[in-house]
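Comments concern the structure below.
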Amino acid sequence: MAHIPDGVLSNPVLMAGAVVSVAGVAFGLRGLDPVRVPKVAVLSAVLFVASLVHFPAGLASVHLLLNGLAGIVLGPAVFPAMLVALVLQAVLFGFGGLVALGVNTMDMAVPALLAGGLFRLLWRDGSSRARASLLGAMAGGGAVLLTALMVALTLALSGREFIAAARLVALTHLPVMVIEAAFTAAAIALLSRVKPEMLARPA
Amino acid sequence: MKILLPLALLLLATPAQAHKLKLFATVEGPVILGTAYFSGGDKAVGVGGVVRMADGSMAGEVRTDQDGAFRFEVRSRTDHSVTMDGGDGHMATVTIGAAELPQTLPAGPAALPTPPPLPAVAGLDAVEAAVARQIRPLRQQLDAYEDKVRLHDIMGGVGTIFGIFGIAAWVSARRRSPS
């Protein structure tokens, strides 16, 4: 649900989001080896499509974020990948406002980066599949939780009641967390078996 | 085997649009009737909103019922904008132009230049209300149709992503190649 439309957030929050996202994109592009660009493109396309798959969750319906998975595979390059995916969602489908792009990118990519960092810290090449699954589940679920909290926080800083917003956002995201943890665990377990170099620390 | 569970979950989920609050409103006589729903068609129940007039002053508040529907009685003939706020970062606005409201209402504050009143015809309001009621489902359908995510949009988006990163790779490869 990191699709905050225009007109909801206050100007200081929008500015802060833009600054963080520009810095993140610059950081991500600087360390990007041209050889890895196709990987970024694939993950960006995955992020773009992930939001179109819907799950009914109580009164509302929610979609996958997959930012944990992207953070693990891409590292800092998740920022440009996320920005491109969100720009196209905003332009083609009207999901999220164009002015709020900075905040939306920040809310999605910062948790992705942290989840990816945590994964890399605990992951060793040749770790067992169970360990890969567990770490993947933690990163996938954790990234969603952190995104929900950041969305609630950006709403609170824009003058909305934090507790109410956080409860709404976190409650609707609980099923997403579970699904996403399962999905990321399966994806990481598969990657660790067939393509462990995808998970290796980017040089 | 581990991949089967998430795959099954993915298959169970109906592919629809991402989560976005949508608002649809029409006029029947002096009443604004509307529904709020999340893209994909789920009703937005118990969502509060405010109605503002053209000059920005509050006209009143609305709240959606069990069916995601709301109604608001208009007191003056001016542009009304309804803004619904889900509280979790979802917000949508719809504007009802003064021209859609019945001419029998008094002109409101800062009303836009309204067309000269038509000669009073008996039952004109009733006809207008009937027509509005008749075309309401059509307008709703049109609204939903416009909002539908289509495969060619998705394919276009994916293609654009690969194009952007392809150009990036090309530029950086050119920069490196002379060495």
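Given a cut-off of under 8 Å on Cα pairs at least six residues apart, what relative contact order in percent is computed for the range A:53-169? Provide the component values of the computation, followed by the final result.
Values: 124 pairs, mean separation 31.7, N = 117.
That works out to 27 percent.
Spacing of the modelled spin labels on residue B:174 and residue B:95, each 7 Å from Cα toward Cβ, amounts to 4.4 nm.
Ranking B:153, A:125, A:107 from most to least accessible surface, computed with a 1.4 Å probe over the protein chains only, gives A:125, B:153, A:107.
Each listed q (0.19 Å⁻¹) maps to a log10 I(q)/I(0) for chain A from the Debye sum over equal C-alpha point scatterers, namely -1.37. The mean number of Cβ atoms from other chains found within 10 Å of a Cβ in peptide B:155-164 is 6, as a whole number.
A Förster radius of 41 Å, combined with the Cβ-Cβ distance separating residue B:167 from residue B:50, puts the computed FRET efficiency at roughly 0.35.
List the relative contact order of chain A as a percent without decimals, with contacts defined as Cα pairs under 8 Å and 6+ residues apart.
Relative contact order for chain A comes out at 27 percent.
Against chain A, whose longest principal axis is taken from its Cα atoms, helix A:129-157 shows a tilt of about 20°. A Förster distance of 25 Å, applied to the separation of the beta-carbon atoms of residue A:11 and residue A:156, puts the FRET efficiency at 0.95. Ranking of B:165, A:27 by solvent-accessible surface, largest first: A:27, B:165 (1.4 Å probe, protein heavy atoms only, all chains present). Each Cα pair under 8 Å and six or more residues apart adds its separation to the average, and for the range A:144-203 the resulting relative contact order is 30 percent. Cross-link reach is defined here as a Cα-Cα straight distance under 22 Å, omitting same-chain residues fewer than 8 places apart; for residue B:43 the lysines meeting it are B:20, B:22, B:148. For labels at residue B:31 and residue A:35 in the simple 7 Å Cα→Cβ model, what's the distance in nm? According to this spin-label approximation, the distance is 7.0 nm. Each residue of the range A:173-181 is assigned a 3J(HN,Hα), and the resulting list reads 8, 4, x, 4, 4, 5, 4, 5, 4 Hz, derived from the Karplus form 6.51 cos²θ - 1.76 cosθ + 1.60 (θ = phi - 60°), x at Gly and Pro.
Along the range B:29-35 the Karplus relation, 6.51 cos²θ - 1.76 cosθ + 1.60 evaluated at θ = phi - 60°, assigns HN-Hα couplings of x, x, 10, 8, 10, x, 9 Hz to successive residues, with x for each Gly and Pro.
Amide H to amide H distances under 5 Å link residue A:4 with A:97, where only residues 5 or more positions off or on other chains count and H is placed in the peptide plane.
When chain A is treated as a Gaussian network with alpha carbon springs shorter than 10 Å, the biggest mean-square fluctuation among A:179, A:163, A:72 belongs to A:163. Backbone geometry of the range A:99-111 corresponds, through the Karplus equation with coefficients 6.51, -1.76 and 1.60 at θ = phi - 60°, to 3J(HN,Hα) couplings of 5, 8, 4, x, 5, 5, 4, 4, 4, 8, 7, 5, x Hz, x marking Gly and Pro.
Averaging 1/r over each pair of different alpha-carbon atoms in the range B:23-100 and inverting the result gives 12.4 Å, the Kirkwood hydrodynamic radius. For the peptides B:23-30, B:143-150, A:108-115, the ranking by mean Cβ contacts within 10 Å, running from highest to lowest, is A:108-115, B:23-30, B:143-150. Sorted into 10 angstrom bins from 0, the C-alpha pair distances of the range A:1-113 split as 15, 47, 31, 6, 0 percent.
Near the amide H of residue B:59, within less than 5 Å, lie the amide hydrogens of B:51, B:52, B:53, all on another chain or at least 5 residues away, with H placed in the peptide plane.
Considered as an equivalent ellipsoid built on the Cα gyration tensor, the range A:120-201 has semi-axes of 32, 12, 8 Å, the largest given first. Here the calculated FRET efficiency for residue B:58 and residue B:126, from their Cβ-Cβ distance with R0 = 25 Å, stands at 0.25, rounded to the nearest 0.05. Other protein chain C-beta atoms within 10 Å of residue C-beta, averaged over B:140-149: 1.
The values are calculated or read from the model by the stated rules, or taken from the named source; none is laboratory data. Treat the numbers as computed from the prediction; the structure is a model and nothing was measured. Every residue, glycine among them, receives a Cβ derived from its backbone with ideal geometry; neighbour counts consider all protein chains shown. For the accessible areas, the whole protein counts, side chains as well, though only heavy atoms, and no ligand, DNA or RNA atoms are used. Shrake-Rupley method; radii C 1.70, N 1.55, O 1.52, S 1.80 Å.
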